[in-house]
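**Q** Submitted below is the structure of interest, expressed as structure tokens.
The values are calculated or read from the model by the stated rules, or taken from the named source; none is laboratory data. Small disclaimer: the values here were computed from a predicted structure and weren't measured. Glycine also receives a Cβ, built like all others from the backbone with ideal geometry; neighbour counts cover every protein chain displayed.
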């Protein structure tokens, strides 16, 4: 399942700043080129109004200047999350190396590739979430669970506002009807504020489990429980 989520202006600004600091690699698809023609580059610099992208030498475009004024789609991967935005090519520089000046995008989307459908928990179970910078965990309710992640809701009073898309966190939770307690690293992949109920809804994808035997055992147990829950459905 592929979910495309619009970031808030504040979140989009954080993503752009992170990409600048990391000199992130980008893929650019100008609309004036044939479908599938892509320019690869690196974010080199930026200002309040534009981004400078240094293009790799193996560019598929002979006359790079004809891209000026065209719209383009841009993709970049940060912390395991795919971000996309649409913008305009403002200028081209050919010396001392090829670079594009892109207008600062008005919006940014995160494309969340969810590998599994999530199972709604029939009885809400307590979960806890925290970051390395927090001395105390926040408490919420588990709303859904899948082999690759969980959904949760936290009251504003217990949820610091720094839980944003792309943030790495630690979670501990239980699944109703089972005695197991699970603790894993995760990344925030979805964030929704419910003003009426004063709650923060989070989608969390498990992370950093490939080289962690304990995490691998935890995921195996979660899959076993989900399989049992699914088989018990009428």
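**Q** Out of 185, 211, report the one residue that is at pLDDT 90 or above and not assigned by TED's automatic domain parsing to the domain that holds residue 7.
**A** So the residue among 185, 211 that is at pLDDT 90 or above and not assigned by TED's automatic domain parsing to the domain that holds residue 7 is 185.
**Q** Could you count how many residues in segment 1-51 are surrounded by fewer than 16 Cβ atoms within 10 Å (Cβ to Cβ) and at pLDDT below 85?
**A** Residues that pass the stated criteria total 12.
**Q** If we only count strands (runs of 3 or more DSSP E) wholly inside segment 10-101, which ones have 3 or more residues that are over 22 Å from residue 166 (Cα atoms), free of Cβ contacts under 8 Å to residues at least 60 places away in the same chain and over 25 Å from the mean Cα position of the chain (by Cα)?
**A** 81-93
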